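Engineer: The following block contains the structure, expressed as structure tokens.
The values are calculated or read from the model by the stated rules, or taken from the named source; none is laboratory data. The model shown is predicted, which means the values in this text are computed figures rather than measured ones. Note that each Cβ is placed from the backbone with ideal geometry, even for glycine, and that neighbours are counted across all protein chains shown. Side chains included, ligands, DNA and RNA excluded: accessible areas come from the protein's heavy atoms. Shrake-Rupley method; radii C 1.70, N 1.55, O 1.52, S 1.80 Å.
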Amino acid sequence: AAPQQPARKSFFRSRWFLAGAIVVTGLVGFGVGKATSHRGYHHAYRMSSEDGQARVQSGLQRVLGKIDATPEQREKITAIVRSAMLDLQPMRQSLRLSREKLSTTLKAETIDRAAVEQLRRQQLEMTEMLSRKMSEALVSAAEALTPSQRAQLVDRWQSRRWRG
């Protein structure tokens, strides 16, 4: 008898997972972007955590309202995004400090190649951690939405580029 082939995931199921991943990444990214975009990029680091949370909450509720998310879905996704933001904030601060160190290193009389390489490696590690946290939040939030809601969000994202 021929060896049994492992079961394959259906294309439909994979497509919905991908759509959900895109949607939740968009939601989290949209919320973080909204929280940090006021008055330019540098203002984001001066914004208090409470201000950022309020901006994310506002943008998130607007987006979730457009897909008729239930109160339970809103509560669950808001908690996921809030937790992700709190986890990501120190990491973003570390990346900012690393960029400042790189600037200082490059302005020096003699460039320390080893220091630049060390900073590059630290930034890669931090970026990997950020990516992992975003993926975790993405999957958690995607699980809270229905396939129809995820499809609506993907359609909005593709047509409007997340303008809310």
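Engineer: Going by what's in this entry, would K107 be described as touching a residue at least 60 places away in the same chain (Cβ under 8 Å) and out of contact with any His (no Cβ under 6 Å at 6 or more places or on another chain)?
Structural biologist: Answer is no for this residue.
Engineer: Right, here's the next one. One residue is enough: does segment 149-164 have a residue meeting the conditions over 24 Å from S58 (Cβ atoms) and modelled with pLDDT of 90 or more?
Structural biologist: No: zero hits.
Engineer: Taking segment 61-81, which residues are open to solvent by less than 50 Å² (accessible area, probe 1.4 Å) and among the β-branched types (V, I, T)?
Structural biologist: Once the filter is applied, which keeps residues that are open to solvent by less than 50 Å² (accessible area, probe 1.4 Å) and among the β-branched types (V, I, T), segment 61-81 yields V63, I67, I77, T78, I80, V81.
Engineer: Among the listed residues L145, L138, which satisfies the condition of being among the aliphatic types (A, V, I, L, M), surrounded by 14 or more Cβ atoms within 10 Å (Cβ to Cβ), at pLDDT below 85 and in contact with a helix residue (DSSP H, G or I) (Cβ under 8 Å, 6 or more places away or on another chain)?
Structural biologist: Working: L145 fails: at pLDDT below 85.
Going through L145, L138 in turn, the sole match is L138.
Engineer: Out of everything in segment 87-128 that is among the aliphatic types (A, V, I, L, M) and open to solvent by 80 Å² or more (accessible area, probe 1.4 Å), what residue ends up being farthest from the chain's Cα centre (by Cα)?
Structural biologist: Here is the first cut: in segment 87-128, the ones among the aliphatic types (A, V, I, L, M) are 88, 91, 95, 97, 102, 106, 108, 111, 114-116, 119, 124, 126.
Then keep just the ones that are open to solvent by 80 Å² or more (accessible area, probe 1.4 Å); that gives 97, 106, 111, 124.
Values: L97: 20, L106: 30, I111: 34, L124: 17 Å.
Per the stated criteria, the residue is I111.
Engineer: Quick one: A84 ticks every box in (1) open to solvent by 30 Å² or more (accessible area, probe 1.4 Å); (2) farther than 24 Å from S159 by Cβ; (3) among the small types (G, A, S); (4) at pLDDT 75 or above except a single one, so which number is it?
Structural biologist: Unmet for A84, out of (1) open to solvent by 30 Å² or more (accessible area, probe 1.4 Å); (2) farther than 24 Å from S159 by Cβ; (3) among the small types (G, A, S); (4) at pLDDT 75 or above: (1).
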